[in-house]
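The values are calculated or read from the model by the stated rules, or taken from the named source; none is laboratory data. Because the structure is predicted, anything quoted here is derived from the model rather than measured. Cβ atoms come from the backbone with ideal geometry, glycine included; neighbour counts cover every protein chain shown. Heavy atoms of the whole protein, side chains included, go into the accessibility calculation; ligands, DNA and RNA do not. Shrake-Rupley method; radii C 1.70, N 1.55, O 1.52, S 1.80 Å.
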Amino acid sequence: MVLATASETNGAYSAFEIFVPPGAGTPLHAHSNQEAVFYVVKGYLRFQAGDAVEQHGPGSLVHAARNVPHLFVNMGNEEAVVIVIARPGGIEKFFLEVGTEIAATDAPTAPTQEEIDRILAFAPAHAITMFPQAGEAM
């Protein structure tokens, strides 16, 4: 869910609330235009930023600097909730291009191959480098 867009913050940042099902997360990727801060509201996530790999629970704050490959995965048995702030704003344009809108009552699902192909196709235009690993689910 988008909490704040770049147009609402005069370009300073974009903010999101992300609901992460058990076993789901992001592939390894890096942003050359944004840095990101992740605040874990609920659940336990394994974060990798550069070579550091750590598990973080509620109340944890994790920073991913520009150009540093990072990912997170929900390691628990329940949905995790994360607030993400990307600075400067604008990354929501990428999410709108590649995402599939779901109703607020729908449970998130793993991306389809078509969605994965869109992510890989549109990422470079948004200064995002993807590092998919063999056999990895996005």
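Quick notes on this one:
Yes/no matrix, rows are residues, columns are (1) in contact with a Leu (Cβ under 7 Å, 6 or more places away or on another chain); (2) within 22 Å of Phe131 (Cβ to Cβ):
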position: Ser7; (1), (2): no, no
position: Asn10; (1), (2): no, no
position: Lys42; (1), (2): no, no
position: Leu45; (1), (2): no, yes
position: Ala49; (1), (2): no, yes
position: Leu61; (1), (2): no, no
position: Asn67; (1), (2): no, yes
position: Leu71; (1), (2): yes, yes
position: Gly76; (1), (2): no, no
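Yes or no, residue by residue, for (1) part of a loop (DSSP other than H, G, I, E, B); (2) under 17 Å from Met1 (Cβ atoms); (3) modelled with pLDDT of 90 or more:
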{"site": "Ala36", "(1), (2), (3)": "no, yes, yes"}
{"site": "Val40", "(1), (2), (3)": "no, yes, yes"}
{"site": "Arg46", "(1), (2), (3)": "no, no, yes"}
{"site": "Asn67", "(1), (2), (3)": "yes, no, yes"}
{"site": "Val81", "(1), (2), (3)": "no, yes, yes"}
{"site": "Thr100", "(1), (2), (3)": "yes, yes, no"}
{"site": "Asp106", "(1), (2), (3)": "yes, yes, no"}
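- Remark: Ala15 falls outside the filter, which requires a residue to be in a strand (DSSP E or B) and either open to solvent by 70 Å² or more (accessible area, probe 1.4 Å) or closer than 22 Å to Ile116 by Cα (or both).
- Exactly one residue out of Pro88, Pro58, Pro111 is farther than 28 Å from Asn10 by Cα and at pLDDT 90 or above, and it is Pro58.
- His63 touching a strand residue (DSSP E or B) at 6+ places or on another chain (Cβ under 9 Å) and either open to solvent by less than 30 Å² (accessible area, probe 1.4 Å) or under 25 Å from Glu114 (Cβ atoms) (or both): no
- Meets criteria (hydrophobic (A, V, I, L, M, F, W, C) and at pLDDT 90 or above) for Val20: no
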